[in-house]
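Scroll down for the structure; my scribbles are underneath it.
The values are calculated or read from the model by the stated rules, or taken from the named source; none is laboratory data. Just so it is clear, the structure is predicted and the values come from calculations on it, not from any experiment. Using ideal geometry, Cβ is built from the backbone for each residue, glycine included, and neighbour counts are taken over all protein chains shown.
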Amino acid sequence: MSPKSAQGDASGMSRIESLDVKLEVVVVPVSDVGRAKEFYQRLGWRLDQTPPGIVQLTPHGSGCSVQFGPDLTTAAPGSAVAYLIVSDIEAARKTLVAAGVEVGDLFHVSPDGPVDGLDPERRSYFSRATFHDPDGNTWLMQEITTRLPGRVEGGLTSFGSASDLATALRRAAAAHGEHEERTGKRDDNWPDWYATYMANEQSGAKLPE
């Protein structure tokens, strides 16, 4: 390959990596559209306006939606597996159960496989719970408070809902209290400390001490 060709390939790769693409919709295979619509609305998901024959719902705080309809997919009903993220899995599970949704017990992942109960260190990505829609499509909830490095662009900080923001503020407040204990003095610049903590937590950057 000539140097010019190599340079062109590298330039093309750079353009591809900077292409702004966002996941918009996941198609869920169901056998009864009306039954599925009722179930997902019971989860509190917003019913969106869509073309005839397509049902689209969006989880509260999510930028991605789900769709189902009679002609959207040839996949077998119940064959889908997808992940949801929550900032407090205990609270999320209680809310779903109170809404009449059957949710499995909390568990966490380990080198030896799933283990009952929350992750002892409450690490992000480890604590989980599973539920199914009427067709058997699997939804696995996982608790995430701190993203893996590089998972979220460092310059982007956003919260999908007021409840997510409130939970993040509580975590920042608890961490800031520990910060003041370590330093032995009151931190009057706490707003900046909170902002740094919350932004770094989302992007996976080093948290302030």
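Observations
- Flag: Val66 matches the condition of being in contact (Cβ under 8 Å) with a residue 12 or more places away in the chain and either surrounded by fewer than 12 Cβ atoms within 10 Å (Cβ to Cβ) or of a type in the set (Val, Ile, Thr) (or both).
- All positions within the stretch 80-126 that are more than 20 Å from Thr145 (Cβ to Cβ), in a helix (DSSP H, G or I) and either of a type outside the set (Val, Ile, Thr) or in contact (Cβ under 8 Å) with a residue 60 or more places away in the chain (or both): Ala98
- Restricting the stretch 174-209 to residues that are of a type in the set (A, V, I, L, M, F, W, C) and closer than 22 Å to Gly61 by Cα, the residue that is farthest from the chain's Cα centre (by Cα): Ala195
- Flag set for Asp164, criterion: surrounded by 12 or more Cβ atoms within 10 Å (Cβ to Cβ) and part of a helix (DSSP H, G or I).
- Yes/no for Asp135 being acidic (Asp, Glu), touching a Pro at 6+ places or on another chain (Cβ under 9 Å) and either at negative phi or surrounded by 13 or more Cβ atoms within 10 Å (Cβ to Cβ) (or both): yes
Condition check ((1) over 25 Å from Phe126 (Cβ atoms); (2) at pLDDT below 95; (3) of a type in the set (Val, Ile, Thr); (4) surrounded by 15 or more Cβ atoms within 10 Å (Cβ to Cβ)) across all residues:
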{"site": "Arg35", "(1), (2), (3), (4)": "yes, no, no, no"}
{"site": "Thr50", "(1), (2), (3), (4)": "yes, yes, yes, no"}
{"site": "Ile54", "(1), (2), (3), (4)": "yes, yes, yes, yes"}
{"site": "His60", "(1), (2), (3), (4)": "no, yes, no, no"}
{"site": "Pro70", "(1), (2), (3), (4)": "yes, yes, no, no"}
{"site": "Asp88", "(1), (2), (3), (4)": "no, yes, no, yes"}
